[in-house]
1. Return 97, 83 ranked ascending by Cβ neighbour count within 10 Å, so the fewest neighbours appear first.
2. From the convex hull of the Cα coordinates of the chain, what is the mean projected area in square nanometres?
3. Rounded to the nearest 5, what % of the DSSP beta bridges within the chain are antiparallel ones?
4. With each pseudo-label sitting 7 Å past Cα toward Cβ, what's the residue 195-residue 163 distance in nm, one decimal?
5. If each residue's Cβ is checked for other Cβ atoms within 10 Å, how do 195, 108 rank with the fewest at the top?
6. Using only the alpha-carbon atoms, how far is helix 90-100 inclined from the longest principal axis of the chain? Give it as 0 to 90 degrees, nearest 10.
7. On alpha-carbon atoms, Rg over Rh for the stretch 101-164 using Kirkwood Rh?
8. Which residues does a label at residue 116 reach in the stretch 149-181, if reach means a backbone N under 14 Å from a point 7 Å past the Cα toward the Cβ?
């Protein structure tokens, strides 16, 4: 397998990424990737990772603790993401995430992953109901972690819920077809069909992402020069 750092552009699914423009490469993963060899991922050019931690007000990803702990043995910059529920209060969702993710264990801001599930695509929750959940969730996470959370969304969710009221939050956008040009984004998930060595689980694929900026900008923005000492 060719390393990310050795290629000028990539095509997985249908998106093409120019690594000269976006040289900082990362992944996101959950228990579906199973047992993860973080050092092997780092050897393949992974510089950051988003780890699934929680979902809704009670669910904790079964691999979250292992991934948080084992990633600390590398210099991969990590954060954790929370899968947003349209069906439970923002306050209890925040409590679930805070219980699971110690503030000193993540290098980047926490992430709220907002996407449709079950019948939500056909029966979209109202803007008012969503804001009543999302606003306190964002507020509580920002207060605890000391940084504005990153919001993950595709274009449909972004345009319906995020663009107007939450545009001042860092955006992690999903687009597996082309480079997003409809918003200022911080991270771009450009493939859900990536494949790397270093994990054995139910899912053979892993999501690929890039940061919008240079390696120097990445280090500076997230204060990575003073992050926790890693082995």
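1. Details: 97 26, 83 21.
Taking fewest neighbouring Cβ atoms as first place, the list is 83, 97.
2. Numbers: hull surface 47.0 nm².
Taking the Cα atoms of the chain, their convex hull projects to 11.8 nm² on average.
3. On the way: 17 of 40 bridges.
Of all bridge pairs located within the chain, approximately 45 percent are antiparallel.
4. If labels sit at residue 195 and residue 163, their model points lie 3.7 nm apart.
5. On the way: 195 12, 108 26.
In increasing order of surrounding Cβ atoms, one gets 195, 108.
6. Its long axis makes an angle of about 30 degrees.
7. Numbers: Rg = 13.0 Å, Rh = 12.9 Å.
Value, to two decimals: 1.01.
8. Correct set: 154-161.
Laboratory data are not the source of any read-out in this text; all were calculated from the coordinates shown. Quantities reported herein were computed from a predicted structural model and do not represent experimental measurements. Note that each Cβ is placed from the backbone with ideal geometry, even for glycine, and that neighbours are counted across all protein chains shown.
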